[in-house]
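Read the structure below first, then the notes.
The values are calculated or read from the model by the stated rules, or taken from the named source; none is laboratory data. Remember, it's a predicted structure, so these values are computed and weren't measured experimentally. Positions of Cβ are backbone-derived with ideal geometry, glycine not excepted, and every protein chain shown enters the neighbour counts. Calculation scope for accessible area: heavy atoms of the full protein, side chains included, ligands and nucleic acids excluded. Shrake-Rupley method; radii C 1.70, N 1.55, O 1.52, S 1.80 Å.
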Amino acid sequence: MLSVADARALVLEQANPLPSTGLPLGAAALGLVLAEDIASDLDVPPYDKALMDGYAVRSADLPGGHGELAILEEVHAGRVPRLPVGAGQCTRIMTGAALPEGADAVIMVERTQSRADGRVEISDESLKSGQNILRRGSEMKRGQVVLSAGATLGPTELGLLATVGRTTVQAHPTPCVAILATGDELVEPDQFPGPGQIRNSNGPMLTALASRAGARPRYLGIAPDQTTRLRELVSEGLKESVLILSGGVSAGTRDLVPGVLQELGVRPHFHQVAMKPGKPVFFGT
């Protein structure tokens, strides 16, 4: 008799990803599993950029972080600096804007005082080269794999795909899991059980578990302990990626599920697992 670990390993050994399909970047891809490696098509950021509103300076011009500099120009995000920063000069710069040539630090505006004569007074005792600058390619390099096959596509991953210019993606589609409860004793939860009957709790529970695992559940209802109708419902369930049945696999005269499955072409892999409760467990493909 198989251990739980061996039974689980056998199930996983038989499980294969569904063939991948191309999908547009958006809600349809959310929650799916990526089927390809994704490489960046550019450096991110694509240029040295300012992390603060303030002034791009040469740190060597400000001993101790203090001094006055002439303002060359103002550069906003989305614009390119026109002038290199030379000795005694600086550029007014906004967050996200490209750093001008010659500058090696950005002083935040709160530590400056602009003057009417086109100069700015700076006082920043913590000044050092590289301050408030995000260097080109520091987040990712062109050609670098930023998402690997097997990753689950969440909101962050979709944002990353957009960053590297991907508008479509190869992903494994969501499997459909059919769920079928069996047993003459079962009634649906909206019915009051009669003599010898119980409500079907496994159906809703398995549906919820399949959904939480990322599948599309398809509830098929309750199959009676009668071969013809059971065969019809099992046959319908086998059209989906996975069929989960509840009940009908023990050793009683009405435990018809294993026989019906094999009649319909299911190859058994195991029928008992060393666990309690639940030793009669059938798995096949």
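Please report the antiparallel percentage of DSSP beta bridges with both residues in the chain, rounded to the nearest 5.
65 percent
Among the listed values (1) 1.22; (2) 1.72; (3) 1.08, the one computed from these coordinates for Cα Rg over 2.2 N^0.38 Å is (2). Think of the chain as having a plus end and a minus end, set by charges on the Cβ of Lys, Arg, Asp and Glu; of 180, 76, 114, 180 sits farthest toward the positive end of this dipole. Across the options 5, 62, 40, the greatest Cα extent toward the positive end of the charge dipole of region 1-115 (unit charges at beta carbon of Lys, Arg, Asp, Glu) belongs to 62.
Rounded to the nearest 20 debye, the dipole size of region 1-154 about its Cα centre is 140 debye, using +1 on the Cβ of Lys and Arg and -1 on the Cβ of Asp and Glu. For residue 128, a cut-off of 18 angstrom between C-alpha atoms picks up these aspartates and glutamates, skipping any fewer than 8 places away in its own chain: 48, 53, 61, 68, 101, 104, 110. Close amide H partners of residue 284, meaning residues 5 or more places away or on another chain with modelled amide H under 5 Å apart, are 269.
Relative to the longest principal axis of the Cα atoms of the chain, the long axis of helix 202-212 lies at roughly 20 degrees. The magnitude of the dipole of the chain, with charges of +1 and -1 set on the Cβ of Lys/Arg and Asp/Glu and taken from the Cα centre, is near 460 debye.
Approximating the spin labels as points 7 Å out from Cα along Cα→Cβ, the residue 117-to-residue 28 distance works out to 6.5 nm.
Based on Cα contacts under 8 Å between residues 6+ apart, region 170-285 shows a relative contact order of 27 percent.
Averaging the sequence gap over all C-alpha pairs within less than 8 Å and six or more residues apart, then dividing by the number of residues, gives the chain a relative contact order of 22 percent.
Please name which of 130, 162, 20 has its Cα lying farthest along the dipole of the chain towards the positive end, using unit charges on Cβ (Lys, Arg +1; Asp, Glu -1) and the Cα centre as origin. Working it through, the farthest residue towards the positive pole turns out to be 20.
Report summary: the helix-based calculation at 222 nm, which adds -39500 (n - 2.57) for every DSSP H run with n ≥ 4 and divides by the residues of the chain, gives -5000 deg cm²/dmol.
Among the lysines, which have Cα under 24 Å from the Cα of residue 141 when same-chain residues fewer than 8 positions away are ignored? Hits, sequence-local ones excluded: 49.
The fraction of accessible area contributed by carbon and sulfur in the chain is 52 percent, rounded to a whole number (1.4 Å probe; ligands and nucleic acids excluded). Amide H contacts of residue 223: 181, 182, 183, each under 5 Å away and 5 or more positions distant or on a separate chain (H built 1.01 Å from N in the peptide plane; Pro and chain starts excluded).
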